Each structure stands twice: as structure tokens, then as C-alpha cells.
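The values are calculated or read from the model by the stated rules, or taken from the named source; none is laboratory data. Just so you know, these numbers come straight off a predicted model, no measurement behind them. Every residue, glycine as well, gets a Cβ built from its backbone with ideal geometry; the counts of neighbours run over all protein chains shown.
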Amino acid sequence: MPSFRATAEEILELNRVRHLLFGIYAWEENGEEPYRVQEAGSGILIAQEHGLMARHVMVAFTNLDPQFEARRRSTRGVFARRGKSDDILKTAIPAAVYQENEGNELVQWWPRVSWQSEDTDISVLVMKPTTAAAESRATKLKYLEWQLLPPHVGAKVRVYGWPLPQIDVRAGVHDAHVELWMRPAIVTEHAPILRAHGFHEFPGYVLDKSLPPAMSGGAVLHNGRLIGIFTGPDYVSALWPLALMRYPLREDFFIPFAEHFDHGVIPAVDWDRVKGRAERRDCEQGDCLRKHVTLAM
């Protein structure tokens, strides 16, 4: 069970979202030798069998699959390379999604598709429940409303994730100590296009505190709505760049993420302020040859 000091308002919110929150990790098959998991992150379920996590965490998972070595300069990482947005690469990376247990029953999912935004530090997961408790929970979930645009400077947000997991694998047995965190924070700065070239080269906003590894991919909430995906150590990826994303539900069928907003599958209170405005523009810095996502006026 998660443990922390919390206000009544925070406890109410946690009770609303706890069954949507998940941790994710990948491991290396190591025979009988004990292996401590190195690559892990957090995420949130957003619609039926769909979740979000951090792109950079999924890219780190590819270190466990040698076929990705030739694609290290990809801007999309796991399943596509720059200039080939529909280039699917199948992988056998061992990965698992876990949630808070249902009594003594494990709640686990299998990420069958991971697709990375080329515009921001977010990956979309298409997942299947792999335990009876996960299948049962999936029929009862109530997903969050979204706010695509960042909250105002000075706004109070809450970050949810599974930091500092201790997961050991030996002979197919996983021994894990994990803990769900909720941490309040205040928005101190907006970055409408990017914070800086390099790791934070996408739109988002800055928080007044840093949080530990594996919180990456965690849900950021404001007024009960999903309002970002945590990148770290104090930066949050804005959600609106997903308006330009396409991803595969299966190998031969891609869907624009914006259709989820159009059809109300994902209710976004400010979709009318974002729809049709997201675009990619050449960088204004002379030595950068990339395009960056921005909102047209």
C-alpha cells in the first residue's frame, strides 16, 4: 500500500486515480544469475487498454535488444526511425506493467505496442491484461479528463509515479519492492517550444522541485485532470503535441491520436483551443536542423 502524508483533498484524488497508475520495467534474461532491473518508469492508463509513459524510458529499454543498435540516431526510437513514421520494428524486449495489487492478486499487463511521439517525451502503449485481477479491473476503470495546455505559472499540480523500484530477477522469478508516490509541486515556468536543446527539446513546463528516477512517465494532475507526463528531474511534457501523433493499433492500421479528442474517447476540456493549431516549424537557432512543434497563433 502507498504511504505518505496527505491532505483530505489529496486522498480523494488518489482514490480516483490509483487504479489508473502503473509502473513499467524491462529486464535482461540472465539465466540463473541474479539480475537487478536497471530500466524502469511510470505511466497512466488513459483509455481502454491504452496508456502513456515517457519516451526516453522506452528508448532506454531498447538497450536490451541488439537489433536497435543500427537505429540509435532515430528520433522515434523503439518502432520507427526519422523520415519513416510508419516503420514498425518488432522486438522481444522482456517488459512488464504492474499496478497496485487487488488484495493478494497481481495486477499486470503486457505492452504489446509502444509508439513514440516524435514531438515530445511521451510514448503511447497499447496493452493487454495478463492476470485475472487486471482483466477484472479493466472493466471498471473510469478514465481522466484531460487539459492539453499547461496550467498557469503558480498552479499547484500533483505528480504520481513509482520511483526507486527494487526489482530482482532470477531464474524467471521477479522479487519486487515498489512504492507509489504522490508529490505536490508548483509550476514555475512555461516552455512553449522547448526548454533547451538536448534532453528537454519539446514543449512543457518546469516545477519547483526535482523528483527521483523512475518517476519519469508519471501522471501530472491539476484540478483532477491529466495535464502532463513527467519527464524529470523537474520538467513536465505538455500533452497538446499528441495532436500530431499517429500510432498503430495493429501492424496494418494506424490511427491519429487527435481522433480520440474529436470523438470524445479522451475528453479534453480545451481541445477547441488546440485543434488545428499544432504544427512543426524549422528551429530558429541557426545550428539546429530539426523542426520543433509549436502552436500557431
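Using the structure shown, decide if Leu289 is farther than 30 Å from Pro165 by Cα and part of a loop (DSSP other than H, G, I, E, B). I'd like the intermediate steps shown before the answer.
Working: farther than 30 Å from Pro165 by Cα: yes; part of a loop (DSSP other than H, G, I, E, B): yes.
Yes: the conditions hold for Leu289.
Condition check ((1) part of a strand (DSSP E or B); (2) within 17 Å of the chain's Cα centre (by Cα); (3) of a type in the set (A, V, I, L, M)) across all residues:
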{"residue": "Met127", "(1), (2), (3)": "yes, yes, yes"}
{"residue": "Ala133", "(1), (2), (3)": "no, no, yes"}
{"residue": "Leu144", "(1), (2), (3)": "no, yes, yes"}
{"residue": "Leu149", "(1), (2), (3)": "no, yes, yes"}
{"residue": "Pro163", "(1), (2), (3)": "no, yes, no"}
{"residue": "Pro184", "(1), (2), (3)": "yes, no, no"}
statement: Of the residues in region 229-250, those that are touching a Phe, Trp or Tyr at 6+ places or on another chain (Cβ under 7 Å) and in a strand (DSSP E or B) come to Val236, Ser237, Arg246, Tyr247, Pro248
task: Give the residue that is farthest from Ser117 (Cα to Cα), with candidates limited to residues of region 251-277 that are free of Cβ contacts under 8 Å to residues at least 60 places away in the same chain and in a strand (DSSP E or B).
output: Phe253
- line: The one condition Val169 fails out of (1) β-branched (Val, Ile, Thr); (2) closer than 30 Å to Asp272 by Cβ; (3) in a strand (DSSP E or B) is (2)
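When you look at Val78, is it at pLDDT below 90 and either more than 20 Å from the chain's Cα centre (by Cα) or crowded, with 21+ Cβ neighbours inside 10 Å (or both), yes or no? Give the derivation first.
Details: at pLDDT below 90: yes; either more than 20 Å from the chain's Cα centre (by Cα) or crowded, with 21+ Cβ neighbours inside 10 Å (or both): yes.
So Val78 fits the description; yes.
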- prompt: What are the pairs, 6+ residues apart or on separate chains, where a residue within region 129-147 that is basic (Lys, Arg) has its Cβ under 7 Å from a residue that is surrounded by 12 or more Cβ atoms within 10 Å (Cβ to Cβ)?
  reply: Arg137/His19; Arg137/Glu102; Arg137/Val107
query: Of the numbered conditions (1) in a loop (DSSP other than H, G, I, E, B); (2) in contact with a strand residue (DSSP E or B) (Cβ under 6 Å, 6 or more places away or on another chain); (3) at pLDDT below 95, Asp119 satisfies every one except a single condition; which is it?
result: (3)
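Pro241: modelled with pLDDT under 95 and buried (at least 17 other Cβ atoms within 10 Å of the Cβ), yes or no? Spell out the reasoning first.
On the way: modelled with pLDDT under 95: no; buried (at least 17 other Cβ atoms within 10 Å of the Cβ): yes.
No, not satisfied.
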query: Of all residues in region 205-228, which are among the small types (Gly, Ala, Ser), modelled with pLDDT of 95 or more, in a loop (DSSP other than H, G, I, E, B) and more than 14 Å from Ile186 (Cβ to Cβ)?
result: Ser216, Gly217, Gly218, Gly224
message: Only one of Thr131, Thr139 is loosely packed, with under 14 Cβ neighbours inside 10 Å, out of contact with any Phe, Trp or Tyr (no Cβ under 8 Å at 6 or more places or on another chain), within 28 Å of Pro94 (Cβ to Cβ) and not small (Gly, Ala, Ser). Can you tell me which?
response: Thr139
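Can you say whether Leu289 is of a type in the set (A, V, I, L, M), touching a residue at least 40 places away in the same chain (Cβ under 8 Å) and out of contact with any Ser or Thr (no Cβ under 7 Å at 6 or more places or on another chain), as far as the supplied structure shows?
Values: of a type in the set (A, V, I, L, M): yes; touching a residue at least 40 places away in the same chain (Cβ under 8 Å): no; out of contact with any Ser or Thr (no Cβ under 7 Å at 6 or more places or on another chain): yes.
No, not satisfied.
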message: Could you check region 193-212 and list, in sequence order, the residues that are touching a residue at least 40 places away in the same chain (Cβ under 8 Å), exposed (fewer than 15 other Cβ atoms within 10 Å of the Cβ) and under 16 Å from Ile122 (Cα atoms)?
response: Phe199
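Quick one: in region 143-154, of everything that is hydrophobic (A, V, I, L, M, F, W, C) and within 13 Å of Gly224 (Cβ to Cβ), which residue is surrounded by the most Cβ atoms within 10 Å (Cβ to Cβ)? Before you say what the answer is, go through the steps one by one.
Pass one, region 143-154, residues hydrophobic (A, V, I, L, M, F, W, C): 144, 146, 148-149, 153.
Keeping just the survivors that are within 13 Å of Gly224 (Cβ to Cβ) gives 144, 146.
Working: Leu144: 20, Trp146: 22.
Applying the filter and picking the extreme gives Trp146.
If a residue has to be of a type in the set (Asp, Glu) and closer than 17 Å to Val59 by Cα to count, how many in region 101-138 make the cut?
We begin by selecting, within region 101-138, every residue of a type in the set (Asp, Glu); these are 102, 105, 118-119, 121, 135.
Subsequent filtering for residues that are closer than 17 Å to Val59 by Cα retains 118-119, 121.
Qualifying residue count, region 101-138: 3.
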query: Can you tell which of Glu179, Glu201 is of a type in the set (D, E, K, R), part of a loop (DSSP other than H, G, I, E, B), under 30 Å from Tyr35 (Cα atoms) and modelled with pLDDT of 90 or more?
result: Glu179
